[in-house]
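This report concerns only the one structure given below.
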Amino acid sequence: MPYATADGLRISYDDLGEGEPALLFTTGWCSSRARWRRVAERCSAHRRVLNTEWRGHGDSDPAGGDFGLEEMVADALAVADDAGVERFVPCAASHSGFVAIELRRRHPERVPKLVHVDWYVIPPPPPYRAVLEQLTSPDGWPAARDTLLEIWKAGVDLAEVDAALDVMREHDADMWMRSGREIAAGYARVGSPTTAWERLDPTVPVLHLYGQPQDPGFLAAQEEFAASHPWFSVRRLGGATHFAMIETPEAVAGAIEEFVRAA
């Protein structure tokens, strides 16, 4: 397993396949790169895949202090540079999408497209904002975490989903409270991912794949956005959990390759 170096820390990643643009898989908060394993293996049959994890996560070095968007951008770029990859498509799980957008904003010549998976891409409703606020509290974060994990599992009995949730439970109060702070800050900064994509100049092709939430209104809002923004497309996949890449890896991998290969 190779390691990149960012701020003196080792950042772990898997390097599979050949060909550019490569795919740079990034995890959500409190996850490991195992979340993407099955999709990464499938995608590597067509192009190079870098499956990475943030500082303080998985096999990367402990963060050694606080961190946020700037450091995560540095981690992602360190992996691409260490692998000698010039052009790459970020494939971002949930709120690592904020990093993906920032990578495109800063380096449009290196980032030709964006893929997001399982993200709340429209303005979050008040109940979700309340959970994020609770997640930043030293007293409230365990209950907020447990609420999120229950929603994300969606009652599905699948060993790999349970394993992903177990990884999340291993993270401590600092990481969970940090995640709540950074997610809330991301929405406060841009309003919503749809607004952030609109502000990118030049615009960039964007694909969103998801299984949860199953609310038809969530899909309808994205389809309405797509109708007036031809560079955006969305697919609601067949899964029920917050882990489309685990539940439906063949569908996710196929959709990513089709999107990246298209002119």
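Looking only at helices (runs of 4 or more DSSP H) that lie completely in region 213-263, which have at least 2 residues being under 21 Å from Pro125 (Cα atoms)?
Details: elements: 216-228, 244-247, 249-261.
Helices (runs of 4 or more DSSP H) meeting the threshold: 216-228.
In this structure, is Pro205 open to solvent by 30 Å² or more (accessible area, probe 1.4 Å), touching a Phe, Trp or Tyr at 6+ places or on another chain (Cβ under 6 Å) and more than 24 Å from Leu165 (Cα to Cα)?
Values: open to solvent by 30 Å² or more (accessible area, probe 1.4 Å): yes; touching a Phe, Trp or Tyr at 6+ places or on another chain (Cβ under 6 Å): yes; more than 24 Å from Leu165 (Cα to Cα): yes.
Yes: the conditions hold for Pro205.
Where the second residue is charged (D, E, K, R) and surrounded by fewer than 22 Cβ atoms within 10 Å (Cβ to Cβ) and the first is more than 18 Å from Ile151 (Cβ to Cβ) and in contact (Cβ under 8 Å) with a residue 24 or more places away in the chain and lies in region 206-226, which pairs have Cβ atoms under 6 Å and are six or more apart or on separate chains?
Leu209/Arg235
Could you list, in sequence order, all residues of region 178-235 that are small (Gly, Ala, Ser), in contact with a strand residue (DSSP E or B) (Cβ under 7 Å, 6 or more places away or on another chain) and closer than 29 Å to Arg55 by Cα?
Quick first cut of region 178-235, residues small (Gly, Ala, Ser) only: 179-180, 184-186, 188, 191-192, 196, 211, 217, 220-221, 226-228, 233.
Filter again for in contact with a strand residue (DSSP E or B) (Cβ under 7 Å, 6 or more places away or on another chain), leaving 226, 233.
Selection gives nothing.
Considering region 81-94 alone, what residues qualify as being assigned to a helix (DSSP H, G or I) and surrounded by 24 or more Cβ atoms within 10 Å (Cβ to Cβ)? Quick ask: steps written out before the conclusion?
So the first thing to find is which residues in region 81-94 are assigned to a helix (DSSP H, G or I), and the list is 81-82, 94.
Answer for region 81-94, where residues must be assigned to a helix (DSSP H, G or I) and surrounded by 24 or more Cβ atoms within 10 Å (Cβ to Cβ): there is none.
For (1) of a type in the set (Ser, Thr, Tyr); (2) open to solvent by less than 20 Å² (accessible area, probe 1.4 Å), each residue gets a yes or a no:
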| position | (1), (2) |
| --- | --- |
| Leu149 | no, yes |
| Asp166 | no, no |
| His171 | no, no |
| Ser179 | yes, yes |
| Pro193 | no, yes |
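At least 3 residues that are under 14 Å from the mean Cα position of the chain (by Cα) in each: list the strands (runs of 3 or more DSSP E) lying fully within region 8-76 that qualify.
Details: elements: 9-16, 22-26, 49-52.
Where strands (runs of 3 or more DSSP E) fall fully within region 8-76 and carry at least 3 residues being under 14 Å from the mean Cα position of the chain (by Cα), they are 22-26, 49-52.
May I ask you to verify whether Val121 is β-branched (Val, Ile, Thr) and assigned to a loop (DSSP other than H, G, I, E, B)? Outline the logic, then answer.
Values: β-branched (Val, Ile, Thr): yes; assigned to a loop (DSSP other than H, G, I, E, B): yes.
For Val121, the condition - β-branched (Val, Ile, Thr) and assigned to a loop (DSSP other than H, G, I, E, B) - is met.
Within region 116-133, is there a residue that is in contact with a strand residue (DSSP E or B) (Cβ under 9 Å, 6 or more places away or on another chain), closer than 29 Å to Pro249 by Cα, modelled with pLDDT of 95 or more and among the acidic types (Asp, Glu)?
Checked against the condition, which is being in contact with a strand residue (DSSP E or B) (Cβ under 9 Å, 6 or more places away or on another chain), closer than 29 Å to Pro249 by Cα, modelled with pLDDT of 95 or more and among the acidic types (Asp, Glu), region 116-133 yields at least one hit.
Given the conditions (1) more than 20 Å from Ala196 (Cα to Cα); (2) touching a Lys or Arg at 6+ places or on another chain (Cβ under 8 Å); (3) open to solvent by less than 20 Å² (accessible area, probe 1.4 Å), and given that Glu18 satisfies all but one, which numbered condition is not satisfied?
(3)
Filter region 99-142 down to the residues that are of a type in the set (Asp, Glu) and touching a residue at least 24 places away in the same chain (Cβ under 8 Å), then identify the one that is least open to solvent (accessible area, probe 1.4 Å). Can you show your working first?
Our first condition is that a residue be of a type in the set (Asp, Glu); within region 99-142, this holds for 102, 109, 118, 133, 139.
Imposing the further condition that a residue be touching a residue at least 24 places away in the same chain (Cβ under 8 Å) reduces the set to 102, 118, 133.
Working: Glu102: 24, Asp118: 3, Glu133: 134 Å².
For region 99-142, the residue satisfying everything is Asp118.
Cβ-Cβ under 7 Å, sequence separation 6+ or interchain: first residue in region 6-26 and of a type outside the set (A, V, I, L, M), partner open to solvent by 10 Å² or more (accessible area, probe 1.4 Å) and modelled with pLDDT under 95. Which pairs?
Ser12/Met1; Asp14/Met1
Give me the residue from region 32-42 that is within 26 Å of Gly186 (Cβ to Cβ) and touching a helix residue (DSSP H, G or I) at 6+ places or on another chain (Cβ under 6 Å) and, out of that set, surrounded by the fewest Cβ atoms within 10 Å (Cβ to Cβ).
Ser32
Phe232 fails exactly one of the following numbered conditions: (1) of a type outside the set (Val, Ile, Thr); (2) buried (at least 17 other Cβ atoms within 10 Å of the Cβ); (3) within 29 Å of His57 (Cα to Cα). What is the number of that condition?
Phe232 satisfies every listed condition except (3).
The values are calculated or read from the model by the stated rules, or taken from the named source; none is laboratory data. As the structure is a computational prediction, the values presented were derived from the model and not from experiment. All Cβ positions, even for glycine, are placed from backbone atoms using ideal geometry, and neighbour counts span all protein chains on display. Just so you know, the surface numbers come from the protein's heavy atoms only, side chains and all, with ligands and any DNA or RNA stripped out. Shrake-Rupley method; radii C 1.70, N 1.55, O 1.52, S 1.80 Å.
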